[in-house]
Amino acid sequence: MNKPKVTLAVTGLNNTDNPGPGVPVIRSVRESEAFDLTVIGLAYETLEPGIYMHNIVDKVYQVPYPSEGSGDLIKRLEYIQEREKIDVLIPNFDAELYTFMKSSARLAEMGIKTFLPTIEQFEERHKSELPAFGKKHGVNVPKSKSILKHSDIEKIRDDFEYPVMVKGKFYDAYLAYNKEQVRMYYNKISAKWGLPVIIQEFIKGTEVNVVALGDGKGNTIGAVPMRKQYITDKGKAWGGITLDNKEMLDLTHKIISSTNWRGGMELELIKTNKNELYIIEINPRIPAWVYLAVGAGQNLPEAMVRLALGETVKPFDKYQIGRMFVRYSYDLLIDLKDFEKLSTTGKL
């Protein structure tokens, strides 16, 4: 039986100590062997390790950051599309999703299919909007508040008890025990990600996570819960294990059903000593640890590609409990000429 030919474009090739999801997403789709697959890597920086993993990507194009203007990014994609005929695009960074969602109609006109949340779904799960989200959908969330200036830091004690979490609108989270630490983290986060900075109630308990995929009609195509076993200084999982936890799965199904979630999702949860689950973040894309779900029996990246292509995908009904992953560092040797070629021509 001939496999369908699919050209897949993927961002997030920065497979470092703060890994992007791009490499595990590509690895998952490749290992499914469902398609006659060509992979186009889209890189923002010339030293993203995934660029030089020639068993992962077939070609790489450098693209401008969305912050430089969505017009420049779309124009670059038009250039790439003329040459590569991309069928499906999977973006993997929170900071780029808005541009791709807003441009989804233009991408479709170009022949590039995506399977992303709607702008409404994306906006309502922002960290700054989490209290309203919790009230609307009937789920537990920590109390949080957005701050826009230094003088707001003085008022934190009016609404919160220390310690508090200090978070960026896209990434980064720090635990602060006093206003001096809040001020330090506020400066660090706002310089990197802009405003607002979010102050969030600290919920004591065990951090657990769920990777999931919604079909946009209220159905959960797949969901796998995990507990981090080793965490880096950036808060990233360097090891984890799948869990047998009906409450986490029920909560995931509830959110996907209530929001009609479309696309990949990661729920970051805190399980308290009273076995209550609090949602601390909803990331609107596939997480970097998705390969654990694949190894446990749910190939969510492959299912996402199928959904983007308009296929009907049967939901997964099980996964392997007690499946573990451990990340490792690997020295990848490359030729300087490859780096120079990408740097000068924008293509490898």
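The values are calculated or read from the model by the stated rules, or taken from the named source; none is laboratory data. What you see is a predicted model, and the numbers here were worked out from it, not measured in a lab. Cβ atoms come from the backbone with ideal geometry, glycine included; neighbour counts cover every protein chain shown.
Quick notes on this one:
- Filter result for the condition that a residue is more than 27 Å from ALA223 (Cβ to Cβ) and not charged (D, E, K, R), over LEU300, LEU309, LEU342: LEU342
- Scanning segment 139-149 for residues that are buried (at least 18 other Cβ atoms within 10 Å of the Cβ) and polar (S, T, N, Q) turns up just one, SER144.
- Of the residues making up segment 1-23, those that are touching a strand residue (DSSP E or B) at 6+ places or on another chain (Cβ under 6 Å) and hydroxyl-bearing (Ser, Thr, Tyr) are THR7, THR11.
- Across segment 109-158, the number of residues qualifying as under 17 Å from VAL197 (Cα atoms) and touching a residue at least 40 places away in the same chain (Cβ under 8 Å) comes to 14.
- The set of residues in segment 40-60 that are more than 14 Å from ASN14 (Cα to Cα), at pLDDT 95 or above and not hydrophobic (A, V, I, L, M, F, W, C) comprises ASP58, LYS59.
- Residue ranges of helices (runs of 4 or more DSSP H) in segment 228-321 with at least 1 members surrounded by fewer than 16 Cβ atoms within 10 Å (Cβ to Cβ) and at pLDDT 95 or above: 246-259
- Count of segment 62-108 residues, restricted to those that are under 24 Å from PRO284 (Cα atoms), in contact (Cβ under 8 Å) with a residue 60 or more places away in the chain and of a type outside the set (A, V, I, L, M, F, W, C), is 6.
Matching residues to (1) buried (at least 19 other Cβ atoms within 10 Å of the Cβ); (2) at pLDDT below 95; (3) assigned by TED's automatic domain parsing to the domain that holds ILE270:
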| position | (1), (2), (3) |
| --- | --- |
| HIS137 | no, no, no |
| SER151 | no, yes, no |
| ILE156 | yes, yes, no |
| PHE160 | yes, yes, no |
| ALA173 | no, yes, no |
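- Only one of the numbered conditions (1) hydrophobic (A, V, I, L, M, F, W, C); (2) under 21 Å from the mean Cα position of the chain (by Cα); (3) surrounded by fewer than 20 Cβ atoms within 10 Å (Cβ to Cβ) is violated by PHE339, and that is (2).
- For segment 72-91, a residue qualifies if it is in contact with a strand residue (DSSP E or B) (Cβ under 8 Å, 6 or more places away or on another chain) and either more than 19 Å from LEU116 (Cα to Cα) or modelled with pLDDT under 95 (or both), and the qualifying residues are ARG76, ILE80, GLU84, LYS85.
- Test for LYS204: is it outside any strand (DSSP E or B), of a type outside the set (A, V, I, L, M) and free of Cβ contacts under 8 Å to residues at least 60 places away in the same chain: no
- Remark: pairs (first residue in segment 33-55, farther than 19 Å from GLU96 by Cα; second residue at pLDDT 95 or above and of a type in the set (Val, Ile, Thr); Cβ separation under 6 Å; 6+ apart in sequence or on different chains) = PHE35/VAL6; LEU37/VAL6; THR38/THR7; VAL39/ILE26; VAL39/VAL57.
- In segment 186-211, the residues that are more than 20 Å from LEU267 (Cα to Cα), in contact with a Lys or Arg (Cβ under 9 Å, 6 or more places away or on another chain) and either of a type in the set (Phe, Trp, Tyr) or surrounded by fewer than 17 Cβ atoms within 10 Å (Cβ to Cβ) (or both): TRP193, GLY194, LEU195
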